Amino acid sequence: MIDQILQQQGGFYGADTASKNDVLGKDAFLKLLVTQLQNQDPLNPLDDKEFIAQLAQFSSLEQMTNISEGITSLTDKTAQQDMLSAVNYIGKEITASGDGITKSGNYVTPVYFTLADAAAQVYANVYDENNNMVRTEKFSSMQAGEFGFTWDGLDYNGNPANSGQYNVYFSAESPTGATVFVDTEVSGTVTALEQGDGETFFRLSDGRKISFSDIKKVIQPVVAEE
(Lines give C-alpha, C1' and ligand atoms only; values in the text may rest on other atoms or scores of the structure.)
Protein backbone atom coordinates (compact mmCIF):
# COMPACT_ATOMS: atom_id res chain seq x y z
CA MET A 1 0.00 0.00 0.00
CA ILE A 2 2.93 2.32 0.55
CA ASP A 3 3.65 2.06 -3.16
CA GLN A 4 0.07 3.17 -3.85
CA ILE A 5 0.43 6.19 -1.57
CA LEU A 6 3.66 7.12 -3.28
CA GLN A 7 1.85 7.16 -6.60
CA GLN A 8 -1.13 9.09 -5.24
CA GLN A 9 0.89 11.69 -3.31
CA GLY A 10 3.77 12.40 -5.64
CA GLY A 11 4.03 15.97 -4.33
CA PHE A 12 4.37 14.74 -0.75
CA TYR A 13 7.10 12.28 -1.76
CA GLY A 14 9.06 14.92 -3.64
CA ALA A 15 8.88 17.37 -0.73
CA ASP A 16 9.89 15.06 2.09
CA THR A 17 12.58 12.82 0.68
CA ALA A 18 15.89 12.73 2.53
CA SER A 19 17.78 13.87 -0.56
CA LYS A 20 17.21 15.46 -3.95
CA ASN A 21 17.93 12.15 -5.67
CA ASP A 22 14.46 10.65 -4.82
CA VAL A 23 15.95 8.49 -2.05
CA LEU A 24 13.31 7.71 0.59
CA GLY A 25 14.70 8.63 4.01
CA LYS A 26 13.56 7.22 7.33
CA ASP A 27 11.47 10.30 8.23
CA ALA A 28 9.61 10.20 4.92
CA PHE A 29 9.09 6.45 5.30
CA LEU A 30 7.56 6.94 8.77
CA LYS A 31 5.26 9.72 7.48
CA LEU A 32 4.09 7.45 4.67
CA LEU A 33 3.41 4.64 7.13
CA VAL A 34 1.30 6.95 9.33
CA THR A 35 -0.52 8.26 6.24
CA GLN A 36 -1.20 4.67 5.22
CA LEU A 37 -2.78 3.89 8.60
CA GLN A 38 -4.88 7.06 8.49
CA ASN A 39 -6.17 6.31 5.01
CA GLN A 40 -6.74 2.57 5.29
CA ASP A 41 -10.16 1.12 4.51
CA PRO A 42 -11.99 0.47 7.84
CA LEU A 43 -13.71 -2.49 6.22
CA ASN A 44 -10.39 -3.86 5.01
CA PRO A 45 -7.73 -2.80 7.54
CA LEU A 46 -4.03 -3.38 7.07
CA ASP A 47 -3.02 -7.00 7.61
CA ASP A 48 -0.99 -7.54 10.80
CA LYS A 49 1.75 -9.40 8.95
CA GLU A 50 2.06 -6.66 6.34
CA PHE A 51 2.19 -3.99 9.05
CA ILE A 52 4.92 -5.87 10.94
CA ALA A 53 6.87 -6.31 7.71
CA GLN A 54 6.69 -2.57 7.03
CA LEU A 55 7.82 -1.79 10.59
CA ALA A 56 10.76 -4.14 10.04
CA GLN A 57 11.52 -2.23 6.84
CA PHE A 58 11.56 1.03 8.77
CA SER A 59 13.81 -0.41 11.48
CA SER A 60 16.26 -1.67 8.85
CA LEU A 61 16.23 1.70 7.07
CA GLU A 62 16.86 3.54 10.35
CA GLN A 63 19.78 1.25 11.22
CA MET A 64 21.36 1.76 7.78
CA THR A 65 20.93 5.53 8.09
CA ASN A 66 22.54 5.54 11.53
CA ILE A 67 25.44 3.40 10.31
CA SER A 68 25.99 5.73 7.35
CA GLU A 69 25.97 8.78 9.62
CA GLY A 70 28.38 7.04 12.00
CA ILE A 71 30.82 6.23 9.21
CA THR A 72 30.69 9.82 7.93
CA SER A 73 31.34 11.15 11.44
CA LEU A 74 34.26 8.74 11.93
CA THR A 75 35.78 9.73 8.58
CA ASP A 76 35.53 13.42 9.48
CA LYS A 77 37.14 12.85 12.88
CA THR A 78 39.96 10.82 11.31
CA ALA A 79 40.66 13.60 8.81
CA GLN A 80 40.74 16.15 11.65
CA GLN A 81 43.14 13.99 13.66
CA ASP A 82 45.43 13.60 10.63
CA MET A 83 45.41 17.37 10.16
CA LEU A 84 46.25 18.02 13.82
CA SER A 85 49.04 15.44 13.72
CA ALA A 86 50.42 16.89 10.48
CA VAL A 87 50.72 20.37 12.02
CA ASN A 88 53.87 19.13 13.77
CA TYR A 89 55.56 18.77 10.37
CA ILE A 90 55.41 22.48 9.54
CA GLY A 91 58.91 23.95 9.34
CA LYS A 92 60.55 20.54 9.02
CA GLU A 93 62.31 19.03 6.04
CA ILE A 94 60.70 15.90 4.66
CA THR A 95 61.71 13.22 2.18
CA ALA A 96 58.92 11.56 0.25
CA SER A 97 58.20 9.28 -2.67
CA GLY A 98 57.73 11.36 -5.80
CA ASP A 99 59.31 12.87 -8.89
CA GLY A 100 58.09 16.48 -8.84
CA ILE A 101 60.60 19.34 -8.99
CA THR A 102 60.39 23.11 -9.21
CA LYS A 103 62.31 25.51 -11.45
CA SER A 104 62.47 29.09 -10.23
CA GLY A 105 64.73 31.25 -12.34
CA ASN A 106 68.09 29.51 -12.41
CA TYR A 107 67.33 27.40 -9.34
CA VAL A 108 66.05 23.83 -9.74
CA THR A 109 65.18 21.53 -6.86
CA PRO A 110 67.00 18.18 -6.89
CA VAL A 111 65.43 14.73 -7.16
CA TYR A 112 66.91 11.53 -5.79
CA PHE A 113 66.80 8.08 -7.36
CA THR A 114 67.79 4.58 -6.31
CA LEU A 115 68.87 1.84 -8.73
CA ALA A 116 67.97 -1.65 -7.63
CA ASP A 117 70.77 -3.13 -9.76
CA ALA A 118 73.74 -1.97 -11.82
CA ALA A 119 72.71 -0.18 -15.00
CA ALA A 120 74.47 0.26 -18.33
CA GLN A 121 72.22 3.19 -19.29
CA VAL A 122 70.14 5.55 -17.15
CA TYR A 123 67.81 8.17 -18.64
CA ALA A 124 66.39 11.19 -16.79
CA ASN A 125 63.37 12.49 -18.74
CA VAL A 126 62.07 15.91 -17.71
CA TYR A 127 58.39 16.75 -18.39
CA ASP A 128 56.56 20.05 -17.96
CA GLU A 129 53.13 20.59 -16.42
CA ASN A 130 51.46 19.76 -19.76
CA ASN A 131 53.27 16.40 -19.87
CA ASN A 132 55.56 17.52 -22.69
CA MET A 133 59.10 16.16 -22.57
CA VAL A 134 61.49 19.11 -22.49
CA ARG A 135 64.82 17.41 -21.86
CA THR A 136 66.50 13.99 -21.59
CA GLU A 137 69.82 13.40 -19.89
CA LYS A 138 71.69 10.12 -20.23
CA PHE A 139 74.15 8.47 -17.83
CA SER A 140 76.26 5.37 -18.40
CA SER A 141 77.62 2.55 -16.23
CA MET A 142 76.03 3.23 -12.82
CA GLN A 143 76.19 0.82 -9.91
CA ALA A 144 73.24 -0.07 -7.72
CA GLY A 145 72.63 2.56 -5.03
CA GLU A 146 71.27 6.02 -4.28
CA PHE A 147 72.02 9.08 -6.41
CA GLY A 148 71.00 12.71 -6.73
CA PHE A 149 70.05 14.48 -9.94
CA THR A 150 69.60 18.20 -10.61
CA TRP A 151 68.30 19.23 -14.00
CA ASP A 152 70.29 22.08 -15.57
CA GLY A 153 67.05 23.87 -16.41
CA LEU A 154 67.63 23.84 -20.18
CA ASP A 155 65.37 22.45 -22.92
CA TYR A 156 66.39 20.36 -25.95
CA ASN A 157 67.56 23.48 -27.77
CA GLY A 158 69.75 24.60 -24.89
CA ASN A 159 67.43 27.44 -23.95
CA PRO A 160 66.33 28.10 -20.35
CA ALA A 161 62.97 26.48 -19.67
CA ASN A 162 60.18 28.47 -18.07
CA SER A 163 59.87 28.58 -14.30
CA GLY A 164 57.26 26.21 -12.91
CA GLN A 165 56.55 22.66 -11.82
CA TYR A 166 58.18 19.71 -13.60
CA ASN A 167 58.52 15.96 -13.20
CA VAL A 168 61.57 13.77 -13.73
CA TYR A 169 60.92 10.18 -14.81
CA PHE A 170 63.85 7.77 -14.77
CA SER A 171 64.37 4.63 -16.82
CA ALA A 172 67.35 2.28 -16.69
CA GLU A 173 68.70 -0.78 -18.51
CA SER A 174 71.08 -3.45 -17.28
CA PRO A 175 74.13 -4.57 -19.32
CA THR A 176 71.94 -7.37 -20.73
CA GLY A 177 69.18 -4.96 -21.76
CA ALA A 178 66.80 -5.86 -18.93
CA THR A 179 64.79 -3.13 -17.19
CA VAL A 180 66.26 -1.94 -13.89
CA PHE A 181 63.83 -0.75 -11.22
CA VAL A 182 64.27 2.92 -10.26
CA ASP A 183 62.75 4.46 -7.15
CA THR A 184 62.53 8.26 -6.90
CA GLU A 185 62.29 10.62 -3.93
CA VAL A 186 61.99 14.36 -3.40
CA SER A 187 62.63 16.58 -0.41
CA GLY A 188 61.68 20.02 0.83
CA THR A 189 60.54 22.11 3.78
CA VAL A 190 56.87 21.95 4.83
CA THR A 191 55.23 25.38 5.01
CA ALA A 192 51.49 24.57 4.97
CA LEU A 193 48.87 21.83 5.15
CA GLU A 194 45.90 21.14 2.89
CA GLN A 195 42.92 18.78 2.93
CA GLY A 196 41.44 17.32 -0.22
CA ASP A 197 39.56 14.15 -1.22
CA GLY A 198 39.80 12.86 2.34
CA GLU A 199 43.59 13.11 2.35
CA THR A 200 46.15 15.42 3.95
CA PHE A 201 48.76 17.13 1.79
CA PHE A 202 51.90 19.08 2.62
CA ARG A 203 52.71 22.27 0.73
CA LEU A 204 56.47 22.72 0.40
CA SER A 205 58.32 26.02 0.36
CA ASP A 206 58.74 25.89 -3.43
CA GLY A 207 55.04 25.23 -4.06
CA ARG A 208 55.10 21.48 -4.54
CA LYS A 209 52.32 19.41 -2.96
CA ILE A 210 53.16 16.10 -1.27
CA SER A 211 50.70 13.51 0.03
CA PHE A 212 50.96 12.67 3.74
CA SER A 213 51.00 8.96 2.83
CA ASP A 214 54.14 9.43 0.68
CA ILE A 215 56.32 10.73 3.52
CA LYS A 216 59.39 8.57 4.18
CA LYS A 217 61.55 10.71 6.44
CA VAL A 218 61.21 13.83 8.59
CA ILE A 219 64.27 15.88 9.54
CA GLN A 220 64.20 18.18 12.55
CA PRO A 221 65.75 21.54 11.65
CA VAL A 222 69.04 22.26 13.40
CA VAL A 223 68.91 25.27 15.69
CA ALA A 224 72.20 27.16 15.86
CA GLU A 225 73.54 27.63 19.36
CA GLU A 226 74.19 31.19 20.50
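The values are calculated or read from the model by the stated rules, or taken from the named source; none is laboratory data. All values reported here derive from a predicted model rather than from experimental measurement. With ideal geometry, Cβ positions are generated from the backbone for all residues, glycine too; neighbour counts draw on all protein chains shown.
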(request) Considering only the stretch 173-214, state which residues are in a helix (DSSP H, G or I) and more than 19 Å from GLU146 (Cβ to Cβ). (result) PHE212, SER213
(message) Filter the stretch 107-138 down to the residues that are in contact (Cβ under 8 Å) with a residue 24 or more places away in the chain, more than 21 Å from VAL180 (Cα to Cα) and among the polar types (S, T, N, Q) and list them by number.
(response) THR109
(message) On the basis of being under 26 Å from the mean Cα position of the chain (by Cα), surrounded by 14 or more Cβ atoms within 10 Å (Cβ to Cβ), under 19 Å from PRO110 (Cβ atoms) and not charged (D, E, K, R), does GLY188 make the cut?
(response) yes
(request) Determine which single condition GLN121 fails, assuming it passes every other condition in (1) at pLDDT 95 or above; (2) exposed (fewer than 14 other Cβ atoms within 10 Å of the Cβ). (result) (2)
(request) Quick one: GLU146 ticks every box in (1) out of contact with any Ser or Thr (no Cβ under 9 Å at 6 or more places or on another chain); (2) part of a strand (DSSP E or B); (3) exposed (fewer than 12 other Cβ atoms within 10 Å of the Cβ) except a single one, so which number is it? (result) (1)
